Amino acid sequence: MSTTSHTPSARSESTIAVGPGQDVAVRMYGRKKAGETSPLVVHFHGGAFVSGDLDSGCTVAGLLQEAGALVVSVAYPLAPEHPFPQPQESGYAVLRWAFKYRARLAGAGAPVYVAGEEAGGNLAAGVCLMARDQSHPPLAGQILVSPMLDPCVGTPSLRAATCDATAGRWADGWEKFLRCARDAEHPYAVPGTAQRLAGLPPTLLLVGDTDPMHDEALAYAARLEAAGLVVNLHVLRKAERWPDALLQPGPQPCPCADEARERLRRFFEATRCPAAR
């Protein structure tokens, strides 16, 4: 794998060659400080699997940076042109690259995390399962923000948030992401229904109280807890317009940004043991 850097600033964009003829664009948030080690986060933006880009991921990536992390935000391939498993495979390749160069990016022994919002939360959870199954790289945690985890798109919270109407864009996104019904049975595609959860790292789940993804996030948290795993679940009050507000870069501050940033900072403090070699 190789990179091509474009701008030497606190936010810079690069292209990572993850395989023959396969390049993935990434945006780096933050810079390594001499003599210090920071959490290193591989981040996936939202967009219902079919849209979104590095700009639409800047709100959550920025919060991760402000909480103390060095962030590698991934412009993963989108459905329908690139359905499952291509986004996960690209994401996992970037994760392996980030781990390989973590000392250069974030300091010696930097703890490595995956994170994502909305569809990106699904990808982060799937990549986390891949890392566990491959026994590499070791992860310090996964951070899921309003994650899309239920392809049935029929939870009470989603129906309430969409006035009982069919959640068209999320349903369409799932349909384009999953090539066939059998894909929906694969844990990497739908980690919310994965049967084997043992061995996953600590999880931070952030979701709004009126969030369409509220119920599926809570269901996943309950399953992780039942498997004996460390779960930090926070239902944020007044998280208005989540997850949409997380995907809209602009001058307006994201609702609950201060609380989300603090939850991220505390999670990093609690889990940032150095990564294994």
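Restricting the first residue to the stretch 37-53 and requiring it to be more than 17 Å from R27 (Cα to Cα) and touching a residue at least 40 places away in the same chain (Cβ under 8 Å), which pairs with a second residue that is polar (S, T, N, Q) and not in a loop (DSSP other than H, G, I, E, B) meet a Cβ separation below 9 Å and a spacing of at least six or different chains?
Cβ pairs passing all conditions: F49/N122.
Of the residues in the stretch 54-74, how many are free of Cβ contacts under 8 Å to residues at least 60 places away in the same chain and either touching a Pro at 6+ places or on another chain (Cβ under 9 Å) or crowded, with 23+ Cβ neighbours inside 10 Å (or both)?
Of the residues in the stretch 54-74, 8 are free of Cβ contacts under 8 Å to residues at least 60 places away in the same chain and either touching a Pro at 6+ places or on another chain (Cβ under 9 Å) or crowded, with 23+ Cβ neighbours inside 10 Å (or both).
Taking into account only those residues within the stretch 185-230 that are in a loop (DSSP other than H, G, I, E, B), touching a residue at least 60 places away in the same chain (Cβ under 8 Å) and out of contact with any Ser or Thr (no Cβ under 8 Å at 6 or more places or on another chain), which is surrounded by the fewest Cβ atoms within 10 Å (Cβ to Cβ)?
Residue satisfying both the conditions and the ranking: G199.
Among (1) among the hydrophobic types (A, V, I, L, M, F, W, C); (2) part of a helix (DSSP H, G or I); (3) touching a Pro at 6+ places or on another chain (Cβ under 9 Å); (4) farther than 17 Å from V60 by Cβ, where does A93 come up short?
Result: A93 passes all but (3).
Considering the stretch 34-47 alone, what residues qualify as being surrounded by fewer than 24 Cβ atoms within 10 Å (Cβ to Cβ) and either among the β-branched types (V, I, T) or in contact with a helix residue (DSSP H, G or I) (Cβ under 8 Å, 6 or more places away or on another chain) (or both)?
Correct list: T37, S38, G47.
Please go through the stretch 17-45 and pick out each residue that is of a type in the set (A, V, I, L, M) and modelled with pLDDT under 95.
Result: A17, V18, A34.
Only one residue in A115, A108, A103, A131 is free of Cβ contacts under 8 Å to residues at least 24 places away in the same chain and either buried (at least 24 other Cβ atoms within 10 Å of the Cβ) or not polar (S, T, N, Q) (or both), so which one is that?
A103 is the lone residue from the list that is free of Cβ contacts under 8 Å to residues at least 24 places away in the same chain and either buried (at least 24 other Cβ atoms within 10 Å of the Cβ) or not polar (S, T, N, Q) (or both).
Report whether or not G52 is in a loop (DSSP other than H, G, I, E, B) and closer than 29 Å to D172 by Cβ.
yes
For the stretch 154-200, give me each residue that is β-branched (V, I, T) and modelled with pLDDT of 90 or more.
Once the filter is applied, which keeps residues that are β-branched (V, I, T) and modelled with pLDDT of 90 or more, the stretch 154-200 yields T155, V190, T193.
The values are calculated or read from the model by the stated rules, or taken from the named source; none is laboratory data. None of these values were measured; they are calculated from a predicted model. For neighbour counting, all protein chains shown are included, and Cβ atoms are generated from backbone atoms with ideal geometry for every residue, glycine included.
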